[in-house]
Amino acid sequence: MLITDPWFYALAIPAFLLTGISKGGFASGAGNAAVPLMSLAIPAPQAAGIALPVLCAMDISALRAWWGRWDWAQLRATLPGAMVGIGAGSLVFGALSDAAVKLIIGLITLAFIARSLWLERAGASRKPAETNHAKGNFWGGVSGFTSFIAHAGGPPLAVYLYPLRLERARLAATTVFFFASINYVKLVPYFFLGALSVQNVLTSLVLLPLAPIGIKLGVWLSARVDDKLFYRIIHVLLFVTGCQLVYEGLR
């Protein structure tokens, strides 16, 4: 029942470590590499099912690391829309073919890279944006949808959160709380859609020890190392993966 393909684990182990480092607050907008990388070895919906329990475990560790530092105003502005996005994602998830899911994941990944490069060139806005519930719920809804399909809700949420220019720890903590909330909500529809099969859950348990390791590395690195090198490494990795997924989805 357990996945035994060495190629799968060669992709999954570094992917979850990188994801944990990001969730731990080091380069917290770097994206979730787990599903895109695992989708190169197994069907994308199965990759999403395996990833969710591990992500939920990471969320517990990340919440403990950043406890109480989140911005309630931004969570109130984004979480209601995210719940709607999860509902929409649950309606679409079971109807999509593996090729379609891979194409969606690939396009989301490449869009995230393009946006990151654009922001790097444009530079930070001089004046921070203000809390806006309409924008927050819209981008929270998009984040909830893409998170349900491929655990790739980071880029849409960043479109709303980054212009606010929150202090680094507050941004990391708010992001952690947002995704912990929606990941645990996603467990219910994932179960009824069959994404939490015995094989998937057993494979998740094998990968589970990576959760606290990645989080602790992220917390440690965030206090000692500049984010830029990590951003560049993971962006190159995601760019190559995104191109491959788009190719497989179109083929």
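The values are calculated or read from the model by the stated rules, or taken from the named source; none is laboratory data. On a predicted model such as this, the values are computed, not experimentally measured, just so you know. With ideal geometry, Cβ positions are generated from the backbone for all residues, glycine too; neighbour counts draw on all protein chains shown. Heavy atoms of the whole protein, side chains included, go into the accessibility calculation; ligands, DNA and RNA do not. Shrake-Rupley method; radii C 1.70, N 1.55, O 1.52, S 1.80 Å.
Rounded if a/c is under 1.5, else prolate if a/b is larger than b/c, else oblate: which is the chain, with a ≥ b ≥ c the root eigenvalues of its Cα gyration tensor?
On the way: a/c = 1.40, a/b = 1.32, b/c = 1.06.
Rounded, since a/c falls under 1.5.
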Quiz item: What angle, in degrees between 0 and 90 and rounded to the nearest 10, separates the Cα long axis of helix 44-65 from the longest principal axis of the Cα atoms of the chain?
Solution: 40
Quiz prompt | Total formal charge among the other residues, if their Cβ is under 15 angstrom from that of M58, Lys/Arg +1 and Asp/Glu -1 | solution = +3
Practice problem: List the residues whose amide H sits under 5 Å from the amide H of A129, counting only those 5 or more places along or on another chain, with H placed 1.01 Å from N in the peptide plane. | Solution: L164, R165
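Counting only heavy atoms of the protein chains, get the accessible area per residue of the chain (1.4 Å probe) and round it to a whole Å² value. If you can, show how the numbers build up before the last one.
Details: 11580 Å² over 251 residues.
Ligands and nucleic acids excluded, the result is 46 Å² per residue.
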Self-check item: Most fluctuating residue given options L187, L205, L17, as computed from a GNM of the chain linking Cα atoms under 10 Å
Solution: L205
Quiz prompt | Shape category assigned to segment 141-251 from the gyration tensor of Cα positions, a/c cut at 1.5 | solution = rounded
Quiz item: Using a basic spin-label model with each label point 7 Å from the Cα along Cα→Cβ, how many nm lie between A95 and V198?
Solution: 3.2
Quiz item: Want the number for W118 to Y247: 0.36 nm per residue separation, take away the alpha-carbon distance, what's left?
Solution: 44.1 nm
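To the nearest 0.05, what FRET efficiency results for V206 and E130 with a Förster distance of 35 Å applied to their C-beta separation? The partial results should precede the final answer.
Numbers: r = 45 Å, r/R0 = 1.30.
Computed FRET efficiency for V206 and E130: 0.15.
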Exercise. Might you report the magnitude of the Cβ-based charge dipole of the chain about its Cα centre, with Lys and Arg at +1 and Asp and Glu at -1, to the nearest 20 debye?
Key: 660
Quiz prompt | Label point distance in nm, V159-V188, each placed 7 Å from Cα along Cα→Cβ | solution = 2.7
Quiz item: Just K135, K216, K127 to compare: in a GNM of the chain, with alpha carbon springs under 10 Å, which one fluctuates most?
Solution: K127
Quiz prompt | Lysine pairs in the chain with Cα atoms under 30 Å, if 8 or more residues apart or on separate chains | solution = 15
Exercise. Return the sequence-ordered ³J(HN,Hα) values of segment 140-156 in whole Hz as given by the Karplus equation 6.51 cos²θ - 1.76 cosθ + 1.60 applied to θ = phi - 60°, using x for Gly and Pro.
Key: x, x, 5, 5, x, 5, 5, 5, 5, 5, 8, 6, 10, x, x, x, x
Exercise. With the full set of protein chains in place, find how many percent of the accessible area of the chain is carbon and sulfur; take the probe as 1.4 Å.
Key: 69
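Which loop chymotrypsin sites (Phe, Trp or Tyr not before Pro) in segment 11-102, with loop taken from DSSP, have no more than 11 other Cβ atoms within 10 angstrom of their Cβ? Kindly include the intermediate steps, with their values, before the conclusion.
On the way: sites: F16, F26, W66, W67, W70, W72, F93; in loops: F26, W66, W67, W70.
Passing sites in segment 11-102 are W67.
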Quiz item: Which Cα, out of P45, S97, P80, lies furthest along the positive dipole direction of the chain (beta carbon charges, K/R +1, D/E -1)?
Solution: P80
Quiz item: Picking from A95, A195, A15, which is most flexible by a Gaussian network model of the chain using Cα springs under 10 Å?
Solution: A95
